[in-house]
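Everything on this sheet refers to the single structure shown next.
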Amino acid sequence: MKRLPILLLLLWLCSVFYVGIFLFVGGFLLVRLEVNRTSSCADVLPPGTSGNRDFCLKEPRFRRAVILIVDALKADFARYDPRNTLPRPFENKLPVLDEMASSRPSHARLYTFRADPPTTTMQRIKGFTTGSLPTFIDVGNNFASSAILEDNLVRQLGQAGKRVVFMGDDTWVSLFPGGFHRSLPFPSFNVKDLHTVDNGILQNIFPILEGNDWDVLIAHFLGVDHCGHRFGPDHPAMAEKLTQMDGVFRSVIQRLQNDTLLVVLGDHGMTDTGDHGGESQKETDAALFLYSSSGLLLAPSSQVEPEVVPQTDLVPTLALLLGVPIPYSSMGQVLLPLFPLNTTLGVPLALSQEEALWINVKQVNRFLETYSNMATDIPADSLWHLRAHFSQLSSQYLSSVHTGTPLPPALVVSMQEYLSSVRETCRASWARFNPVKMACGLLVLCGACAVCYVLSELSSVVLRAGVLKPAVLGGLAAGLAVAAVRLFALGSAEASWGLGAAALGSELLFLWRTWRACPRGRLSPRGLLTAPLLLLLLRCASLLSDSYIISEGRVVTFLLFTLGVYVPVCLNWDGFLVPAPPADAQKPPGLHSPTVPPSTVRRESTFLLVCLSVLVSCLYLSLSFHNCREEQGSCQPSAFLMPLSRLQDSRVRNVHYVLSLVALSAWAFLLHHWLRHYGNLNGSGVARFSARCLLPLASVCMGLHWAVSAAPEDSFRNLAELIGLARVVMPRVSFGLLGLGLLLLWLDPLMVYLKSRGPPSSGGPMPPPRYRASTGISPQAELHHLVPQLYQRIRQSLEDGSALGAESDGRPAVEAYGLGTVYSAPLVLLCGLLGLMLLLLHPEGMALAFLMLLLQATALLHLHASTCTLSSLQSHSSGFSVPWTPVVLWSLAASQFFHATGHLPTFPSIQWGAAFVGFPQGHAGTVLPASLVTLNTFTSHILFAVACPLLLFWPLVCEVRRTRSGRSVAGEDGDDVAMEMKLRENPQQFSSALLQLAVRYLLVSGAQVLASVCAAAFLRRHLMVWKVFAPKLMFEASAFVVSSVFLLFGIALVLRVDVAVACLFHRLLPENSR
């Protein structure tokens, strides 16, 4: 068997997929590190002077503020053109903004308010409250929370004692939990609802304005955004919404007092179709309107004002105008016209323009230094230039202060340039797509899928031709060449481009060399036109639909049911499900069609339909364990997802606990029974020790852990310390036992027992062995599940008297228990141990879901085995190749049980509690908790990937079922059923079939990753890209990485067993008989 070539091919193929995912994600996902530090009034920003603090020194210009956010208030919506006599529905509908800005220029200003991509509501709220550049992935310390962890305006206003009242979009409540003096949130998800949120605000905003129980009022309207999503901007409904907003603005302005600042803004714009999320100007340009009845602009009218205000600039401006510190991570620049010059009279206590700007510069520099010490994504040369620029500004500013001379205008301009440079540097690092890198990643993934298909059809050719080495070497040469060109041309060699060139080059060389080595007619595109692959194509195409992804759990269940029903339908169509008609008696005997007893066919068909019934039942029951997405409205999550300790009703808690124990016991019993049934528990050995002792002992510890975890905190107070200790010790002991079992299984995976036997009686059939295994296996099972000759070569050597000796009648002197399941038994035990370890990371109620997973996987294996049996009985086909249908079924089952174990491709659905199983006090680092959460999230993918080789072995394991009544299936010479030993007799076919199975599974999983990548790339400006498509991409890519790693582990265990079997034969056979 070609062990090393198989592993190397799979490792290379997985690496190519990883490179493609890495390239695309590097160009698509926007990542930065959160700095969880907070500004305060006592801060002294370096370079400080004499320890004087910088914030909260002077009286604020405004005591109160009203902030009205109109979601998707596009800049075009706020403009007014009196010459436009035939306005479109979104034009000239907000005349109040232009009226105030033109009639009272010193009291009002209207700006274009430019957002940074991604232009989604949650990210934009983060942008104009923190002053930073939010991205899709904000890596913070508390990755379990959706709340904004960075310093923000809401937090600063609360720390300053201001009463912040919020109403509108309920997103704010999750982003700022506990941050409001009073909140009136309204549900925001239903984009077809144009009025609920807006009407809820209108019912409350004016009474609150007329009262005194507020200092800052925030109202977030959603009607305009929902109207755009539902109808688009060019629709009469948009005119009605904008007209309603115009009336709201007028009413609010009439109620404002002199010490109140009005801020009207849009968080983002929208495209001509009403969508947003991308980086086009129509999506990034919103409106910003500022108004104060006491006067807004204190600078001379000759001072130049900005035409476009970045969203980040609002944060430091509002902070200093309201007298609170600028949030720590803000990179915005204050709007200078809103602050007085030193020579301006009438506002002696307010910050001047120079003072406000200098505080702003020092605050941004502090953030830049802090961030650069925590992360390395800002280029070193850019960082050096920014530091030098700030040093120059500091010396000039401090020199002017010490000498008492006014700041030169050039210094003010230089400070503004510094702030702009910092913002642009960070924007370039954090907030942009890289289309070239995305396209390169997409191309590499397409090539990887093509290689998978070719390799799955030509696995034997590839193993014989040895095309991998030239392909890898050629790819490495291409990668080094690209890196060298970039190094000499650009001065830097980014690793991602070299990896991409190496991956793409190796793929092309592999395909070319395989094509040259391929015999004519072996590879045809018609192979793609099969029912399972067409179903896979349908699933991949459906990933372009957000509604499909939202309902994916039920849809995958339906697809799995459909393909499962297709199996008997296809067999019946081919005439394999029912006995063949009797041979034509008129034909000569030599021309009669080979037939099998009808009872054998009926028995296999009945067993197949029983397996299908079990599969359908498990599919139906598994729907009871699903979780709910936010978009699914009235959906109720499964009660089994709730930990027992949270159940208030003690009777319900006890019932759930008993059901969980029953499921846990059934899991351990079924695995133990299977291993015992096939003789793999006979004898002694570390693997058998794991199955006999460690598996049940770990199950007992898990049951005890669930018991102590289910105890309410207010009960058993006298035993609180003991219960707390048990909550730590029990899961750790379980982890230790299961981990020890996995280690022992890898060290000695052979679960075969050899024993000598006495001479049989002369003549007559071979009697049952006198020796009985300690497991109590029946004599009938011994006869059916042992290979007494240690297959043909050992038998011949024993008959020659060259191994362990032979008897006078030439019968073998050795019996081998478990040799027929030599490959599958370690895999079954591995899945049992690994499954219990993963179950420990889930809520207790998920034990029932795990039992459904075990039953469904067994049903799929037997469905596949019965299909192979029926096909081989009547068509006499040979070979070990696993068809596409069971592989696609296996992959769909992994996706289906991802949902049936309470998981969803959304970040809120991640079961973060898994990180604290056995570690209730937390962790010192992040590697262990992240690993535990990853294992919990991708449990189904792990189990089905590591068990994938069973699809190859199970039809051979089930051969024994055919021999009990259909004796003619055995060899004509009376040889016993060899089961998995057939693979050892055909090492070339074994290697080819194992490689083909692994590659086909990788192709099915990789095709889904490719579909998710295409969806994210093509729909990157879609409304749901950051809420649906991007999370789906991340989960699908992560699932592929995890499942491919465990698939390699499963394949490696098979190869490890093959090595152990070879060593066993090496010990038994002398040199001259090999």
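Just one of (1) out of contact with any Lys or Arg (no Cβ under 8 Å at 6 or more places or on another chain); (2) in contact (Cβ under 8 Å) with a residue 40 or more places away in the chain; (3) over 20 Å from A1011 (Cβ atoms) trips up G491, so point out which.
Failing condition for G491: (2).
From L854, L870, L827, which residue is at pLDDT 90 or above and either open to solvent by less than 10 Å² (accessible area, probe 1.4 Å) or of a type in the set (F, W, Y) (or both)?
Values: L854 fails: either open to solvent by less than 10 Å² (accessible area, probe 1.4 Å) or of a type in the set (F, W, Y) (or both); L870 fails: at pLDDT 90 or above.
Being at pLDDT 90 or above and either open to solvent by less than 10 Å² (accessible area, probe 1.4 Å) or of a type in the set (F, W, Y) (or both) holds for just one of L854, L870, L827, which is L827.
In contact with a Gly (Cβ under 9 Å, 6 or more places away or on another chain), at pLDDT below 90 and open to solvent by less than 20 Å² (accessible area, probe 1.4 Å): is that true of V1009 in this structure?
no
Restricting the search to the stretch 435-478, which residues are more than 24 Å from F990 (Cα to Cα), open to solvent by less than 30 Å² (accessible area, probe 1.4 Å) and modelled with pLDDT under 90?
Selection gives K437 alone.
Given the conditions (1) surrounded by 16 or more Cβ atoms within 10 Å (Cβ to Cβ); (2) modelled with pLDDT of 90 or more, which single one is not true for F558?
The failed condition is (1).
Do the conditions hold for G736, that is, is it open to solvent by less than 60 Å² (accessible area, probe 1.4 Å), assigned to a helix (DSSP H, G or I), free of Cβ contacts under 8 Å to residues at least 12 places away in the same chain and not polar (S, T, N, Q)? Steps first, please.
Numbers: open to solvent by less than 60 Å² (accessible area, probe 1.4 Å): yes; assigned to a helix (DSSP H, G or I): yes; free of Cβ contacts under 8 Å to residues at least 12 places away in the same chain: yes; not polar (S, T, N, Q): yes.
Criteria met by G736.
Could you grab the pairs with beta carbons closer than 7 Å, sequence gap of 6+ or different chains, first residue in the stretch 496-516 and buried (at least 20 other Cβ atoms within 10 Å of the Cβ), second one outside any helix (DSSP H, G or I)?
Close Cβ pairs (under 7 Å, with a partner that is outside any helix (DSSP H, G or I)) amount to F510/V467; T514/L458; T514/V467.
Taking the stretch 370-391 as the region of interest, how many residues are under 11 Å from V422 (Cβ atoms) and exposed (fewer than 15 other Cβ atoms within 10 Å of the Cβ)?
So the answer is 2.
Taking the condition of being touching a residue at least 24 places away in the same chain (Cβ under 8 Å) and open to solvent by 50 Å² or more (accessible area, probe 1.4 Å), how many residues in the stretch 538-550 meet it?
Matching residues across the stretch 538-550 total 2.
One residue is enough: does the stretch 74-92 have a residue meeting the conditions under 25 Å from V164 (Cβ atoms) and touching a strand residue (DSSP E or B) at 6+ places or on another chain (Cβ under 9 Å)?
Our first condition is that a residue be under 25 Å from V164 (Cβ atoms); within the stretch 74-92, this holds for none.
For the stretch 74-92, residues under 25 Å from V164 (Cβ atoms) and touching a strand residue (DSSP E or B) at 6+ places or on another chain (Cβ under 9 Å): absent.
Being open to solvent by less than 10 Å² (accessible area, probe 1.4 Å) and either at pLDDT 95 or above or aromatic (F, W, Y) (or both), is that true of even one residue in the stretch 899-908?
Among the residues of the stretch 899-908, not one is open to solvent by less than 10 Å² (accessible area, probe 1.4 Å) and either at pLDDT 95 or above or aromatic (F, W, Y) (or both), which makes the answer no.
Quick one: which of G683, G703 is touching a strand residue (DSSP E or B) at 6+ places or on another chain (Cβ under 7 Å) and surrounded by 16 or more Cβ atoms within 10 Å (Cβ to Cβ)? Lay out the reasoning, then the answer.
Details: G703 fails: touching a strand residue (DSSP E or B) at 6+ places or on another chain (Cβ under 7 Å).
Every option except G683 fails the conditions.
Testing T606 on (1) closer than 27 Å to Q911 by Cα; (2) of a type outside the set (K, R); (3) out of contact with any helix residue (DSSP H, G or I) (no Cβ under 7 Å at 6 or more places or on another chain), one condition comes back false. Which one is that?
(1) is the only condition that T606 fails.
Looking at (1) open to solvent by less than 20 Å² (accessible area, probe 1.4 Å); (2) at pLDDT 95 or above; (3) in a helix (DSSP H, G or I); (4) aliphatic (A, V, I, L, M), find the lone condition where V263 falls short.
Status for V263: all satisfied but (3).
May I ask you to verify whether D272 is surrounded by fewer than 22 Cβ atoms within 10 Å (Cβ to Cβ) and at pLDDT 90 or above? Give the steps one after another, and end with the answer.
On the way: surrounded by fewer than 22 Cβ atoms within 10 Å (Cβ to Cβ): yes; at pLDDT 90 or above: no.
Judged against the criteria, D272 is not a match.
Go through the stretch 483-492 and give me each residue that's open to solvent by 50 Å² or more (accessible area, probe 1.4 Å) and among the hydrophobic types (A, V, I, L, M, F, W, C). First the steps, then the outcome.
Going through the stretch 483-492, the residues open to solvent by 50 Å² or more (accessible area, probe 1.4 Å) turn out to be 485-492.
Across the stretch 483-492, the qualifying residues are V485, L487, F488, A489, L490.
Evaluate the stretch 31-47: report whether one residue or more is assigned to a helix (DSSP H, G or I) and either farther than 23 Å from R1020 by Cβ or β-branched (V, I, T) (or both). If you could, list the steps in order and put the result at the bottom.
Here is the first cut: in the stretch 31-47, the ones assigned to a helix (DSSP H, G or I) are none.
No, the stretch 31-47 has no match at all.
What are the residues in the stretch 665-680 that are crowded, with 24+ Cβ neighbours inside 10 Å and part of a helix (DSSP H, G or I), if any?
To start, the set of residues in the stretch 665-680 that are crowded, with 24+ Cβ neighbours inside 10 Å comprises 675, 678-680.
Once the filter is applied, which keeps residues that are crowded, with 24+ Cβ neighbours inside 10 Å and part of a helix (DSSP H, G or I), the stretch 665-680 yields only L675.
Within the bounds of the stretch 687-707, is there any residue that is out of contact with any Phe, Trp or Tyr (no Cβ under 6 Å at 6 or more places or on another chain) and assigned to a loop (DSSP other than H, G, I, E, B)? Explain how you work it out, then say what you get.
Taking the stretch 687-707 as the starting set, the residues that turn out to be out of contact with any Phe, Trp or Tyr (no Cβ under 6 Å at 6 or more places or on another chain) are 687-707.
Subset that is assigned to a loop (DSSP other than H, G, I, E, B): none.
Checked the stretch 687-707: no residue is out of contact with any Phe, Trp or Tyr (no Cβ under 6 Å at 6 or more places or on another chain) and assigned to a loop (DSSP other than H, G, I, E, B).
Can you name every residue in the stretch 626-655 that is closer than 26 Å to P696 by Cβ and either at pLDDT 90 or above or of a type in the set (V, I, T) (or both)? Spell out how you get there, then give the answer.
So in the stretch 626-655, the residues closer than 26 Å to P696 by Cβ come out as 640, 643-645, 653-655.
The answer is V655, and nothing else.
Quick one: in the stretch 896-933, of everything that is assigned to a loop (DSSP other than H, G, I, E, B) and of a type in the set (A, V, I, L, M, F, W, C), which residue is farthest from G835 (Cα to Cα)?
Here is the first cut: in the stretch 896-933, the residues assigned to a loop (DSSP other than H, G, I, E, B) are 901-911, 917-926.
Checking the rest, the ones that are also of a type in the set (A, V, I, L, M, F, W, C) come to 904, 907, 910, 917, 919, 924.
Details: L904: 20, F907: 24, I910: 19, V917: 16, F919: 20, A924: 27 Å.
Top of the filtered list is A924.
So in the stretch 82-132, with the set limited to residues that are among the aliphatic types (A, V, I, L, M) and either open to solvent by 20 Å² or more (accessible area, probe 1.4 Å) or under 20 Å from S280 (Cβ atoms) (or both), which one is modelled with the lowest pLDDT? Lay out the reasoning, then the answer.
From the stretch 82-132, those among the aliphatic types (A, V, I, L, M) are 86, 94, 96-97, 100-101, 108, 110, 115, 122, 125; that's our starting set.
Okay, now just the ones that are also either open to solvent by 20 Å² or more (accessible area, probe 1.4 Å) or under 20 Å from S280 (Cβ atoms) (or both), so 86, 100-101, 110, 115, 122.
Numbers: L86: 90, M100: 93, A101: 91, L110: 94, A115: 90, M122: 81.
Looking at residues that are among the aliphatic types (A, V, I, L, M) and either open to solvent by 20 Å² or more (accessible area, probe 1.4 Å) or under 20 Å from S280 (Cβ atoms) (or both), I get M122.
Could you list, in sequence order, all residues of the stretch 349-405 that are closer than 13 Å to C426 by Cα, in a helix (DSSP H, G or I) and in contact with a strand residue (DSSP E or B) (Cβ under 8 Å, 6 or more places away or on another chain)?
If the condition is that a residue be closer than 13 Å to C426 by Cα, in a helix (DSSP H, G or I) and in contact with a strand residue (DSSP E or B) (Cβ under 8 Å, 6 or more places away or on another chain), then Y371 is the only one that fits.
Could you tell me which residue of the stretch 1-30 is surrounded by the fewest Cβ atoms within 10 Å (Cβ to Cβ), considering only residues that are part of a loop (DSSP other than H, G, I, E, B) and within 26 Å of the chain's Cα centre (by Cα)? Talk me through it step by step, then tell me what you get.
Taking the stretch 1-30 first, the residues part of a loop (DSSP other than H, G, I, E, B) are 1-2, 29-30.
Add one more test, that the residue is within 26 Å of the chain's Cα centre (by Cα), and what stays is 29-30.
On the way: L29: 17, L30: 23.
Applying the filter and picking the extreme gives L29.
Every residue, every condition in (1) closer than 20 Å to L694 by Cβ; (2) at pLDDT 70 or above, yes or no:
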| position | (1), (2) |
| --- | --- |
| L719 | no, yes |
| L745 | yes, yes |
| M751 | yes, yes |
| S756 | no, no |
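Kindly provide the set of residues from the stretch 526-536 that are without any contact (Cβ under 8 Å) to a residue 24 or more places away in the chain and either within 32 Å of the chain's Cα centre (by Cα) or not in a helix (DSSP H, G or I) (or both), ordered by number.
Passing the criteria: L529, L534.
Which members of the stretch 239-250 meet the condition of being surrounded by 14 or more Cβ atoms within 10 Å (Cβ to Cβ) and free of Cβ contacts under 8 Å to residues at least 60 places away in the same chain?
Those that are surrounded by 14 or more Cβ atoms within 10 Å (Cβ to Cβ) and free of Cβ contacts under 8 Å to residues at least 60 places away in the same chain: E240, K241, Q244.
The values are calculated or read from the model by the stated rules, or taken from the named source; none is laboratory data. Remember, it's a predicted structure, so these values are computed and weren't measured experimentally. Quick reminder, even Gly has a Cβ in these numbers, built from the backbone with ideal geometry, and neighbours come from all protein chains shown. In case anyone asks, the SASA skips ligands and DNA or RNA and just uses the protein heavy atoms, side chains included. Shrake-Rupley method; radii C 1.70, N 1.55, O 1.52, S 1.80 Å.
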